[in-house]
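A quick write-up on the structure given underneath.
The values are calculated or read from the model by the stated rules, or taken from the named source; none is laboratory data. Just so we're clear, the structure is a prediction, and the values are computed from it rather than from any experiment. Because the Cβ atoms are built from the backbone with ideal geometry, glycine has one as well, and the counts that use them run over all protein chains shown. The protein model used for the area step is the full one, side chains on, heavy atoms only, and it has no ligands, DNA or RNA in it. Shrake-Rupley method; radii C 1.70, N 1.55, O 1.52, S 1.80 Å.
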Amino acid sequence: GESVGLHLPTLSVQEGDNSIINCAYSNSASDYFIWYKQESGKGPQFIIDIRSNMDKRQGQRVTVLLNKTVKHLSLQIAATQPGDSAVYFCAEILNFGNEKLTFGTGTRLTIIP
Amino acid sequence: NAGVTQTPKFRILKIGQSMTLQCTQDMNHNYMYWYRQDPGMGLKLIYYSVGAGITDKGEVPNGYNVSRSTTEDFPLRLELAAPSQTSVYFCASRTSNGGEAFFGQGTRLTVV
């Protein structure tokens with residue numbers, strides 16, 4: 001069945017450096033991908049999304065890249081700050097109309113001051 | 001706007017007891033979801049709904065039931081609580097296709 005997973009469970013990055021969080025998905029027909037940030041004790045918060053007809057999308061300090069050939073998704077965070085320390089999840093909707101939203105395992109990002 | 005509101009925030013249940021986790025949203029979203037998150041783990045989809053009167057199973061539906069009688073409310077029912085249901089439960093809602101999901105603050109449930 002479809003699944004979304006992550007390569008690295010933990011990642012430590014020096015403050016000010018860029019970070020890249022990776023995600024692999026198994027279903028090449030997936031329509032929509034989302035990155036969420038979850039801080040301790042809180043619910044997930046939306047960061048950025050991308051539709052399957054796009055390769056790249058940029059937000060404020062964040063960029064999501066989608067490589068459909070190898071079914072890989074990445075989140076790039078530029079100039080990391082202490083407030084970026086959190087767990088990051090990629091999530092997937094297989095197809096619009098079905099709307100089943102499933103999450104990957106998550107990567108814990110720690111920013112080193 | 002209050003967004004997505006979950007009640008209660010914390011609850012301790014004894015094995016075999018039942019309870020309903022409440023979730024309500026005031027954004028007129030069609031799509032609603034229930035997830036559970038075990039410590040140090042990701043979110044697992046329990047049930048979801050694409051509109052009033054329509055519900056569907058997610059990845060881990062066993063031991064749970066849902067209903068969606070209105071657009072605003074999506075309660076999650078545990079009939080016979082088991083220790084394996086100790087978790088943090090999150091409710092979320094989304095608008096039309098392509099919309100981000102908004103999450104509640106979670107309900108921390110312990111079954112002893």
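Brief remarks follow.
- Strands (runs of 3 or more DSSP E) (entirely within the stretch B:35-89) containing at least 1 residues that are of a type in the set (S, T, N, Q): B:43-51, B:54-57, B:64-66
- Hits in the stretch A:83-104 - residues which are open to solvent by 40 Å² or more (accessible area, probe 1.4 Å) and among the charged types (D, E, K, R): A:Lys100
- Check on A:Ser26, small (Gly, Ala, Ser), surrounded by fewer than 21 Cβ atoms within 10 Å (Cβ to Cβ) and closer than 24 Å to B:Tyr47 by Cβ: yes
- Which listed residue, of A:Thr63, A:Thr80, A:Thr110, is touching a residue at least 12 places away in the same chain (Cβ under 8 Å) and under 25 Å from B:Gln105 (Cα atoms): A:Thr110
- Among the residues of the stretch B:22-46, those that are closer than 30 Å to A:Pro9 by Cα and open to solvent by less than 40 Å² (accessible area, probe 1.4 Å) comprise B:Tyr31, B:Met32, B:Tyr33, B:Trp34, B:Tyr35, B:Arg36, B:Gln37, B:Gly42, B:Leu43, B:Leu45, B:Ile46.
- Hey, A:Ser74 in contact (Cβ under 8 Å) with a residue 24 or more places away in the chain and in a loop (DSSP other than H, G, I, E, B) or not: no
- Residue within the stretch A:1-11 that is open to solvent by 40 Å² or more (accessible area, probe 1.4 Å), in contact with a Phe, Trp or Tyr (Cβ under 8 Å, 6 or more places away or on another chain), of a type in the set (Gly, Ala, Ser) and under 22 Å from B:Leu43 (Cβ atoms) present: yes
- Filtered residue count, the stretch B:71-83, keeping only those that are farther than 16 Å from B:Thr107 by Cα and within 15 Å of the chain's Cα centre (by Cα): 3
- Only one of A:Ile111, A:Ile77 that is more than 14 Å from chain B (Cβ to nearest Cβ), in contact with a Pro (Cβ under 6 Å, 6 or more places away or on another chain) and over 30 Å from B:Gln6 (Cα atoms): A:Ile111
- Selection within the stretch B:60-96 - facing chain A (nearest Cβ under 10 Å), surrounded by 16 or more Cβ atoms within 10 Å (Cβ to Cβ) and not basic (Lys, Arg): B:Val88, B:Phe90, B:Cys91, B:Ala92
- The single condition among (1) outside any strand (DSSP E or B); (2) at pLDDT 95 or above; (3) out of contact with any Leu (no Cβ under 9 Å at 6 or more places or on another chain) that B:Gly98 does not meet is (2).
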